[in-house]
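Inspection log for the structure reproduced underneath, given as structure tokens.
Derivation of every value follows stated rules applied to the coordinates shown; laboratory data play no part. Nothing here was measured: the structure is a model prediction, and the numbers come from that model. Neighbour counts run over all protein chains shown; Cβ positions are idealised from the backbone, glycine included.
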Amino acid sequence: MITDLINNVLPQTNKSPLNSQEKVKVKINKNEILKNLKADFEASKRLKSRNDSKINTWRREYNGELYGNEKKNRSKFVYRLIKKQSEWQHAGLVDPFVSTPDIIRAKPVTWEDKEVSPKIEILLNTQFCRQFDRFNFMNKAIKVLDQEGTVVIRTGWEYKEKVIKEQILEEQPNPEFIMLQEQAMAIGANLEQIAPMVEQSKNSLAMLEQQGLSVEQAVASGVIDPQVVAGTQQMMAEAANLEQQLQALQEQLQSIPQTIEVPRIIERLKPVCNRPTAMVCRNEDIFIDPTCQDNMDNCQFVIYRYETDMTTLKRAGVYKNLDKVSHTLRDSEYVSKTRDDEGYDSSFEFSDIARKKVVVHEYWGNYDIDGDGEAEAIVCSWVNDVIIQLRDNPFPDKQPPFIVVPFNSIPFSLYGESNAELLSDTQKIQTAIIRGLIDNMAMSNNGQKGVRNGALDEYNRVKFLNGENFEFNGTPNDFYDGHFNEFPSSTFNMLQMLNAEAESITGVKNFYQGMHSNSLGSTATATTAIMDSAAARRLNIVRNIAENMVKPILRKWLAYDAEFLDEETQYRITNEEFIWLKRDDLGARIDIDLAISTSEDNKATASELSFLLQTIGPSEDPNLRKMIIADICDLYKKPELAKSIREYEPKPDPLAQRLQELQIQMLEAQIENERAKGGRAEIDSRLKEAKTKTELAKAANIESNTDSTDLDYLQKFYGVNEKAKQANALEMEAAKHKFNMDKENLKLLENIAKNKHI
């Protein structure tokens, strides 16, 4: 049973506008509104009827129903080419969307989305791949899309909560602390009462001490009564005891907490289901604005017709005037009367009102409610002539929650064409050919026996008919065995040609193994070969489903998440700090690129990375190879292996590590040795240089001595030496004489100066 979005969406809660009982706050004429909405409903029927007639034709051809031109005693066989091609194609279309656990990649387009995009990726993958029954949904949606040419998806939000009992710890005053505090207060009160008397007694004793009397002397002299002294001492001892008790209680109060946590059972509402939804609608129950052409953004209304019952309507909590509906159930219109589906018995009807089926028309669109000349987004539901719901559109994008997906799109039309439209002629031709073959074979003389007259007598004729051994006259050519007629080869060539044409249209090949080049090799020729007409057609269909159905669903879900998803649910999904999704654009056109990751795309990317890995070679940086291998593991959906590879740090062999250390030490020793050799070479060079200078000095000295010896020899030989000595002696005498003269002149000048001064 198709249920209303509000039925399984939010009950009354303050978290989402889906639950609000918001009404239009102006005085409106509901009869006029219902009249205009029904007029829109009737106007949409005229355009829809043409598409419905096409869908009925496609369904009949898909199911292989008779064409109506069959003759008596002739073959009525219908070749189900359309259904066979659809079944072959179905698995290849569903597989890209259900074969991998995470098919959604959120890519940040701007730096602002870098932080939120990983959380959006985890959120959408969890909602679509784990919380949502995607396998059955994609199966049903693609079958309807293939058979009827158009599929309509209705999105929504499901919210359920239940009352749970929870134990909490509540802080309460500590009874022990209160008891000790009361004792301390009582002791403090007693001390306050006796404190003045103790103080007075201390003053009296101080006065006696000033007079030089002790307590015993004062008692002996009769100044103080002994009973007074005893009472004073007892009172002072009692005060000291109370002070000790008070101090002990204060220390004990400091070590005891003032409050304690006491468990308490409370009841609260806990969400048990808080997620987006999507369902496949029947095409016969969807009525779309006939003026929007092929653009849903221009669509002013979508009317959804569905069956439900009074119990479901009452439990939803959002419908009114249900008591008026109960009185008109007998005259209600039933969709079941016009349906003839498998698993649906239109003759059965519940007798009680609580379960009796009623037809609800739900209007999602724009209508001027308040009369200001501008249309507002509303939702209105009615049964017969009774409006049971009229309020603002509760969804954040203010758009009808419907997605219309065509199979083979028609320009300027929301509705598409089915595969049956393309395969109809081929199926009819194949049906005609096979019917002719069947009739030919049925009318042949297969299995009949013929005998020439006179070849058998009556006795042998009976044995021949009974299959016994017999005698005959004549030759074996006198007997004839009937058989099927031979078919010309052009018949089978024609059938083969028709099959090839059907495969190229649908993108299906018999025993189809997937659109990849593994079976053909990894050469460029094989890669080109797979992109034939069939493969290109199938790829186009997969992209059509991804772009026109899956991505719009995810974008609507993202808009709903931004509005309805609570902090607890998002934290449970992402296990990270709660981050508000963007609410500035409620159309969900945020800066996040949603990509459908199909298995073929992942394999192709992994193949490219593997080729790059081979190109790099083993001599490159191991970290670079590690990065590429981890990315390949991610593409093959092995995140644990990819994480292990990224975090893997190889542990070296101790012997190899010791060998490496020794090699390093050997290299260091060799370097030091070479440095020492260089130092010694430098010292040798300097030593040689010093020796060279020494030898040169020795040579110069030898030359000087030689010259001096030669000079002395010449002077002695020519007598020059004695004359030089005499000349030198004369010069010395002259110098001494000049010095003495200068000294006497100096003294004379000093005397003259002294005389002038006196």
Taking the square root of 5λ for each eigenvalue of the C-alpha gyration tensor of the range 423-519, the equivalent ellipsoid has semi-axes, largest first and in whole angstrom, of 49, 16, 11
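What's the ranking of 255-268, 66-79, 537-550 by average number of surrounding C-beta atoms within 10 Å, highest first? All intermediate terms of the calculation are to be shown ahead of the outcome.
Values: 255-268: 10.3, 66-79: 11.9, 537-550: 18.3.
The peptides rank, most packed first, as 537-550, 66-79, 255-268.
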So how much slack lies between Glu731 and Asn485, counting 0.36 nm per residue of separation and subtracting their Cα-Cα distance, in nm? 72.2 nm
Cα point-scatterer Debye curve for the range 92-198, base-10 log of I(q)/I(0) at q = 0.13, 0.16, 0.18, 0.25 Å⁻¹: -0.79, -0.97, -1.06, -1.28
Expressed in nanometres to one decimal, the distance between label points 7 Å along Cα→Cβ at Leu269 and Lys140 is 2.8
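What percentage of all Cα-Cα pairs in the range 362-513 are separated by more than 26 Å? Display every interim value, and only then the final one.
Details: 7648 of 11476 pairs.
In whole percent, the long-distance tail amounts to 67.
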Glu547/Leu655 FRET efficiency (R0 56 Å; Cβ-Cβ; nearest 0.05): 0.40
I need the peptides 44-54, 482-492, 124-134 ranked by packing, meaning the mean over residues of other C-beta atoms within 10 angstrom, with the highest value on top. 124-134, 44-54, 482-492
Pairwise label distance in nanometres, Val109 with Ile260, each label 7 Å out on the Cα-Cβ vector: 6.2
Label point at Asp710 placed 7 Å out along Cα→Cβ; residues across the range 667-704 whose backbone nitrogen lies under 14 Å: 700-704
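Specify, per residue and in Å³, the volume enclosed by the convex hull of the alpha carbon atoms belonging to the range 637-720. Spell out each step's value before the answer.
Working: hull volume 9.5 nm³, N = 84.
Convex hull volume per residue, Cα atoms: 113 Å³.
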What shape does the range 46-100 have by the C-alpha gyration tensor, where a ≥ b ≥ c are the square roots of the eigenvalues, rounded means a/c under 1.5, and otherwise prolate means a/b greater than b/c and oblate the rest? oblate
Would you grab the residues whose amide H sits under 5 Å from the one on Val358? Only those 5+ places off in sequence or on another chain, please, with H modelled 1.01 Å from N. Thr308, Asp309
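Take peptides 138-145, 427-434 and line them up by average Cβ neighbours within 10 Å, highest first, as a rough protection proxy. Before the final figure, lay out the partial values.
Values: 138-145: 20.8, 427-434: 17.6.
Ranking, from highest mean packing down: 138-145, 427-434.
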Size of the dipole of the range 607-702 about the Cα centre, Lys and Arg at +1 and Asp and Glu at -1 on the beta carbon, nothing else charged, in debye to 20? 520
Whole percent per 10 Å bin, from 0 to the bin with the longest distance: what is P(r) over all C-alpha pairs of the range 346-386? 23, 33, 22, 14, 7
Would you work out if the range 25-117 is rounded, prolate or oblate? Take a ≥ b ≥ c from the square roots of the eigenvalues of the alpha-carbon gyration tensor; rounded if a/c is under 1.5, else prolate when a/b is larger than b/c, oblate otherwise. oblate
With R₀ set to 56 angstrom, the calculated FRET efficiency between the beta-carbons of Arg461 and Asp425, to the nearest 0.05, is 0.55
Along each of its three principal axes, how wide is the spread of alpha-carbon positions in the range 618-664, in whole angstrom units, largest first? 44, 21, 11
P(r) of the range 651-700 over all Cα-Cα pairs, binned every 10 Å from zero, in whole percent: 23, 23, 19, 14, 11, 7, 3, 0
